[in-house]
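The values are calculated or read from the model by the stated rules, or taken from the named source; none is laboratory data. Predicted, not measured: the structure shown is a model, and the values here were computed from it. All Cβ positions, even for glycine, are placed from backbone atoms using ideal geometry, and neighbour counts span all protein chains on display. Please note that ligands, DNA and RNA were not included when accessible areas were found on the heavy atoms of the full protein model with its side chains. Shrake-Rupley method; radii C 1.70, N 1.55, O 1.52, S 1.80 Å.
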Amino acid sequence: QQQVKQSPQSLIVQKGGISIINCAYENTAFDYFPWYQQFPGKGPALLIAIRPDVSEKKEGRFTISFNKSAKQFSLHIMDSQPGDSATYFCAASRDGGYQKVTFGTGTKLQVIP
Amino acid sequence: EAQVTQNPRYLITVTGKKLTVTCSQNMNHEYMSWYRQDPGLGLRQIYYSMNVEVTDKGDVPEGYKVSRKEKRNFPLILESPSPNQTSLYFCASSPGTELSYEQYFGPGTRLTVT
């Protein structure tokens with residue numbers, strides 16, 4: 001049972017454009033929502049994370065938007081660059097990161113010049 | 001250098017031959033975890049550990065064993081590997097506290113079971 005649904009599976013964006021990746025979750029007990037970035041041949045690395053007490057968090061060109069009532073959260077990459085080409089995973093967990101962590105299925109982003 | 005190490009990085013084995021993939025972290029992290037990554041399925045958690053001698057099942061624990069006898073080490077054991085366990089495996093660690101829940105991932109172990 002997939003508790004975190006991620007879309008789209010793949011995304012092609014032109015350089016300078018906005019990349020948007022969406023995730024939806026089912027378990028209302030989740031209270032920590034990170035996004036991880038993975039380059040080919042490497043392990044995932046934390047990009048940005050949010051707790052449900054805020055609706056938006058921004059770090060540089062990366063923004064998480066969180067809608068608690070809809071049980072959805074999304075990653076926005078502004079001014080997308082070719083170096084952003086990677087696979088992005090959303091995730092969710094209870095009790096911060098101290099419990100079981102459920103990841104989405106991933107989005108492969110390609111930013112073309 | 002703060003890091004999570006995994007060994008081996010690549011492994012080809014045969015069905016039924018017991019194997020262990022080691023994981024070690026040098027960041028004094030409380031939390032450690034194992035994931036498998038398969039195309040179209042993303043990352044799925046196998047087991048996690050909140051501290052020494054404390055482990056719990058993730059979403060796909062069947063066919064795997066773990067132990068946490070020392071804080072820095074969290075080996076993954078496949079007692080009788082089968083072809084459906086062919087996958088890319090990642091170990092991760094995290095402080096697991098209010099200060100940071102960030103997971104630090106190892107470089108991965110690509111396992112093929114024939």
Which order do you get for B:Met27, A:Met78, B:Met32 if you rank them by accessible area with a 1.4 Å probe, largest at the top? A:Met78, B:Met27, B:Met32
Semi-axes of chain B's equivalent ellipsoid from the Cα gyration tensor, sqrt of 5 times each eigenvalue, largest first, rounded to whole Å? 23, 14, 13
Interface burial for B against A (accessible surface, 1.4 Å probe, total of both chains, Å², rounded to 100): 1900
List the aspartates and glutamates whose Cα sits under 14 Å from the Cα of A:Lys58, skipping any in the same chain fewer than 8 residues away. A:Asp79
If every Lys and Arg gets +1 and every Asp and Glu gets -1 at its Cβ, then about the Cα centre the stretch A:66-108 yields a dipole, in debye to the nearest 20, of 280
Between B:Thr97 and A:Ala70, how high is the FRET efficiency from 1/(1 + (r/R0)^6) when r is the Cβ-Cβ distance and R₀ = 45 Å? Nearest 0.05. 0.90
Length added when fully stretched, A:Met78-A:Lys15, from 0.36 nm per residue minus Cα-Cα: 21.7 nm
Checked against the positive end of the charge dipole of the protein assembly as shown (+1 on Cβ of Lys and Arg, -1 on Cβ of Asp and Glu, about the Cα centre), the farthest of B:Tyr31, B:Leu41, B:Thr86 is B:Thr86
Rounded to the nearest 5, what is the percent of antiparallel bridges among the DSSP beta bridges in the protein assembly as shown? 90
Quick one: if the Förster radius is 25 Å, what FRET efficiency do A:Gln110 and A:Lys5 give, using the C-beta to C-beta distance and rounding to 0.05? 0.70
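Sum up the charges of everything whose Cβ sits under 12 Å from the Cβ of A:Ser80, counting Lys and Arg as +1 and Asp and Glu as -1, but leave A:Ser80 out.
In short, 0.
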Distribution of pairwise C-alpha distances over chain A, 10 Å bins, in %: 15, 50, 30, 6, 0
Can you give the translational diffusion coefficient of the protein assembly as shown in µm²/s, computed by Stokes-Einstein from the Kirkwood radius over Cα pairs at 10 °C and 1.306 mPa s? 88
Sites A:Glu26 and B:Lys18 - FRET efficiency at Förster radius 45 Å, r taken between beta-carbons, to 0.05: 0.75
What's the center-to-center distance, using Cα atoms, between the stretch A:51-113 and the stretch B:1-59 in Å? 23
A:Thr28 - accessible surface, heavy atoms, 1.4 Å probe, Å² rounded to 10: 110
Where the only charges are on Cβ atoms (+1 Lys, Arg; -1 Asp, Glu), what is the dipole of the stretch B:22-95 about its Cα centre, to the nearest 20 debye? 140
